[in-house]
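The structure appears right after this line, and notes come after that.
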Amino acid sequence: MGHLAKILVTLGSVVSIGFGAWHFFVPTLWKWYDYMDPAATELVVAVRATNVFFSLSLVLFGLINLAFAWGGQANRFALIVVLSATSLLWAVRVAMQLAYPQGTLNSALQYGMLATFIAVALCYLAALALTLLS
């Protein structure tokens, strides 16, 4: 993997890891469970589990991308597979922000999130393209 691709993967991965780590605390910070009927215990458990798996997945994908980019042991095929999966995940996040935007109470937040999601997706997509072309 070339130096530019490594830098792009690092940028995307740092944001992915940060976003995943931050998201572990989102339910508490935004009081998600206050909006749910306490009698709906299965819903509370399901939302908690989904958030934990989502958060952990972002952290792990970021770490895996860093390990593959900088570890020197990953072959080209493995890099392409992982970068493809990560690119697809972030492209879907961009699409979701366009179709069902979050942060609509504050346009700076809404469009800041969109810009961040696009930037991360482009980091991974560009690194994937550079890897495919090498």
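The values are calculated or read from the model by the stated rules, or taken from the named source; none is laboratory data. These numbers were taken from a predicted model, which means no experiment stands behind them. Cβ placement follows ideal geometry from the backbone for every residue including glycine, while neighbour counts extend to all protein chains displayed.
So if I check each of 76, 93, which one is of a type in the set (Lys, Arg) and over 16 Å from the mean Cα position of the chain (by Cα)? Quick ask: steps written out before the conclusion?
On the way: 93 fails: over 16 Å from the mean Cα position of the chain (by Cα).
Result of the check over 76, 93: 76.
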message: Take the conditions in a loop (DSSP other than H, G, I, E, B) and either in contact with a Gly (Cβ under 9 Å, 6 or more places away or on another chain) or over 19 Å from residue 7 (Cβ atoms) (or both) and apply them to residue 112. Does it pass?
response: no
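For residue 70, indicate whether it is surrounded by fewer than 17 Cβ atoms within 10 Å (Cβ to Cβ), touching a helix residue (DSSP H, G or I) at 6+ places or on another chain (Cβ under 7 Å) and modelled with pLDDT under 95. Before the answer, list the steps.
Values: surrounded by fewer than 17 Cβ atoms within 10 Å (Cβ to Cβ): yes; touching a helix residue (DSSP H, G or I) at 6+ places or on another chain (Cβ under 7 Å): yes; modelled with pLDDT under 95: no.
Considered against the rule, which asks whether it is surrounded by fewer than 17 Cβ atoms within 10 Å (Cβ to Cβ), touching a helix residue (DSSP H, G or I) at 6+ places or on another chain (Cβ under 7 Å) and modelled with pLDDT under 95, residue 70 comes out as no.
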